[in-house]
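Shown next, in structure tokens, is the structure this report addresses.
We did not get these values from a lab; they are worked out from the coordinates using the rules stated. This structure is a prediction, so every number in the text was calculated from the model and none was measured. Glycine also receives a Cβ, built like all others from the backbone with ideal geometry; neighbour counts cover every protein chain displayed.
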Amino acid sequence: MIAPDWLRDDRLPHIYCTGCGNGTVINCTLGAVEEMGWKREETVFVSGIGCSSRAPGYILTDSLHTTHGRALAFATGVKMARPDLNVVVFTGDGDLAAIGGNHFIHACRRNVDMTVVCMNNHIYGMTGGQGSPTTPQGAISTTTPYGMSEPAFDLAELAVAAGANYVARWTSYHVKELTKAVAAGLQTPGLAFIEVRTQCPTNYGRHNKLRRVSEMIEHLRSHAMLVEKRDRLIQEGKPVPDDIFTVGELVRRNRPAMGVKP
Amino acid sequence: MKLVIDESRCKGCNLCVLVCPYGIFQEGTELNSRGIVTPVLDRPERCTNCRLQALYGRMLCGVCHMICPDQAIAWVEERPFEPHKVEVEF
């Protein structure tokens, strides 16, 4: 449960559209931070540009709202200058995968001690629904009116390959699991990456026959498959459907980390 | 404890209607003063968190509270002798 003193009451209600999943992710992250018992003075939320990156503006801690795609670079700086602070980065898919892709893989490689929560809504929501690197193949957006022809980026697998210490993926429907995953990420020394598939009914759902929030949530729920189940299907030699994405904890390991609290 | 929806924050996405295991939230029909159709509560005393939160000393279900994107759902302490709406079924 989130204590109301973590939110800036005078800024609410926030600017997100009706049914946007970003608010759910804020709830889950704050729930996990609360579980950790961190104080407000020693927690910093960093974000870039985009819908998701407005999140720290509604949280009553010190925060950085930085340039497009450079949230991880700024967060690395904060962590290097003040290793005693707890750094949480909110970022979106256009922010992290498109313009900030190199910052992302190098932050994973360096294994800086912070938690990155990526709200992946499959689209550039704020600027009017342009296709992003994570738009699924065949999905319609304003820049891909005949369906996306390029394959999508799998951010969680990218983080595993680049060397993050903890990688998980959940959707905004799985609130309990997401809270536990964020809490595990906050506890892990080194970079913890949690990809959250969220719904964007206004700009993604409207073009893809998922106009209602409940339809979009149902779509996320029915297309999520646990990693363990996917592995079991492969082991048994059964076919894995191609339109699913895996959810769950993808990796947890102990590579040497940078900037761990002394 | 009692369940309340903050009318000044709710945007009427009806996600709580989708996730509540007891079916306490029902889709509303009337516009409020902000022009938003907020969900209505159907016998909220059935909510497990309302009844048992004080006994267990922790959050029990709380899925609606976590999934609400607008941070509009909360539990508040009841004042003593608060009037209740009672429906008598014959």
Calculate the translational D of the stretch B:2-76 in whole µm² s⁻¹ from Stokes-Einstein, where the hydrodynamic radius comes from the Kirkwood formula applied to all Cα pairs, the temperature is 20 °C and the viscosity 1.002 mPa s. 170
I need the phi-derived Karplus couplings for the stretch A:89-105: 6.51 cos²θ - 1.76 cosθ + 1.60, θ = phi - 60°, integer Hz, Gly and Pro marked x. 10, 9, 8, x, 6, x, 6, 8, 8, 8, 7, x, x, 6, 4, 5, 5
Relative contact order for chain B: what percent, with Cα pairs under 8 Å and sequence separation of 6 or more? 38
Springs between alpha-carbon pairs under 10 angstrom, Gaussian network model over chain A: which of A:ALA55, A:ALA81, A:ALA32 fluctuates most? A:ALA81
Hey, if you put +1 on the Cβ of every Lys and Arg and -1 on every Asp and Glu Cβ in the protein assembly as shown, which of A:PHE153, A:GLY190, A:THR24 ends up farthest toward the positive end of that dipole? A:GLY190
Return the equivalent ellipsoid semi-axes of chain A as a descending list in whole Å, where each equals the square root of 5 times an eigenvalue of the C-alpha gyration tensor. 27, 22, 18
Name the residues whose placed amide hydrogens come within less than 5 Å of the amide hydrogen of B:THR38, ignoring near sequence neighbours (fewer than 5 apart) on the same chain. B:ASN32
So which lysines can A:LYS261 reach, going by Cα to Cα under 17 Å and dropping same-chain residues fewer than 8 places off? A:LYS39, A:LYS79
I'd like the isolated cysteines in chain B, meaning no second cysteine's beta-carbon lies under 4.7 angstrom from theirs. B:CYS10, B:CYS13, B:CYS20, B:CYS61, B:CYS68
Determine, for A:TRP170, B:TRP75, the number of other Cβ atoms within 10 Å of each Cβ, and report the residues in order from fewest to most. B:TRP75, A:TRP170
Any trypsin sites (Lys or Arg not before Pro) in the stretch A:1-95 that lie in a DSSP loop and have at most 11 other Cβ atoms within 10 Å would be A:LYS39
Would you mind estimating how fast the stretch A:127-221 diffuses translationally, via Stokes-Einstein at 25 °C and 0.890 mPa s with the Kirkwood radius over Cα pairs, in µm²/s? 168
How high is the FRET efficiency from B:MET1 to A:ARG206, r the C-beta distance, R0 51 Å, rounded to 0.05? 0.85
Can you tell me which lysines have their Cα less than 26 Å from the Cα of B:LYS11? Leave out same-chain residues fewer than eight positions away. A:LYS176, A:LYS209, B:LYS2, B:LYS85
